[in-house]
1. Say we look at the stretch 23-58 and pick out the residues that are over 16 Å from Ser13 (Cβ atoms) and among the hydroxyl-bearing types (Ser, Thr, Tyr); which of these is farthest from the chain's Cα centre (by Cα)?
2. Could you pull out the residue among His11, His31, His6 that is touching a helix residue (DSSP H, G or I) at 6+ places or on another chain (Cβ under 9 Å), surrounded by 10 or more Cβ atoms within 10 Å (Cβ to Cβ) and part of a loop (DSSP other than H, G, I, E, B)?
3. Is it fair to say Arg56 is of a type in the set (D, E, K, R), modelled with pLDDT of 95 or more and open to solvent by 90 Å² or more (accessible area, probe 1.4 Å)?
4. Just checking, how many residues over the stretch 34-46 are open to solvent by 70 Å² or more (accessible area, probe 1.4 Å) and not hydroxyl-bearing (Ser, Thr, Tyr)?
5. Under 6 Å by Cβ, and 6 or more places apart or on different chains, what pairs join a residue from the stretch 4-17 that is within 9 Å of Leu45 (Cβ to Cβ) with one that is part of a helix (DSSP H, G or I) and open to solvent by 70 Å² or more (accessible area, probe 1.4 Å)?
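The values are calculated or read from the model by the stated rules, or taken from the named source; none is laboratory data. Remember, predicted model here, so these are calculated numbers, not experimental data. All Cβ positions, even for glycine, are placed from backbone atoms using ideal geometry, and neighbour counts span all protein chains on display. The accessibility values were calculated without ligands, DNA or RNA, using every heavy atom of the protein model including side chains. Shrake-Rupley method; radii C 1.70, N 1.55, O 1.52, S 1.80 Å.
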Amino acid sequence: MADDLHTRYMHASDAWRAHRKGCSPCGSGQHCPDGIPLYQRFVDLQDAFLRSLRTRSR
């Protein structure tokens, strides 16, 4: 599961970065309607991945 979570996290990160690179509002910290779900998915998966790392290290 951790590998799958990491893969999904990296894909979300790539999608968010690609969008942010071409979107002026998202690039300046103000999320556009298309960028909001991309950013939220990235953040949610990042949080889940970091939680899984903390759980594994105990």
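1. Restricting to residues being over 16 Å from Ser13 (Cβ atoms) and among the hydroxyl-bearing types (Ser, Thr, Tyr), the top hit is Ser57.
2. That would be His31, the only listed residue that is touching a helix residue (DSSP H, G or I) at 6+ places or on another chain (Cβ under 9 Å), surrounded by 10 or more Cβ atoms within 10 Å (Cβ to Cβ) and part of a loop (DSSP other than H, G, I, E, B).
3. no
4. In the first step, residues of the stretch 34-46 are kept if they are open to solvent by 70 Å² or more (accessible area, probe 1.4 Å); the result is 34, 36-37, 39-41, 44.
With not hydroxyl-bearing (Ser, Thr, Tyr) added as a condition, the list becomes 34, 36-37, 40-41, 44.
Of the residues in that region, 6 qualify.
5. Correct list of pairs: Ala12/Arg41.
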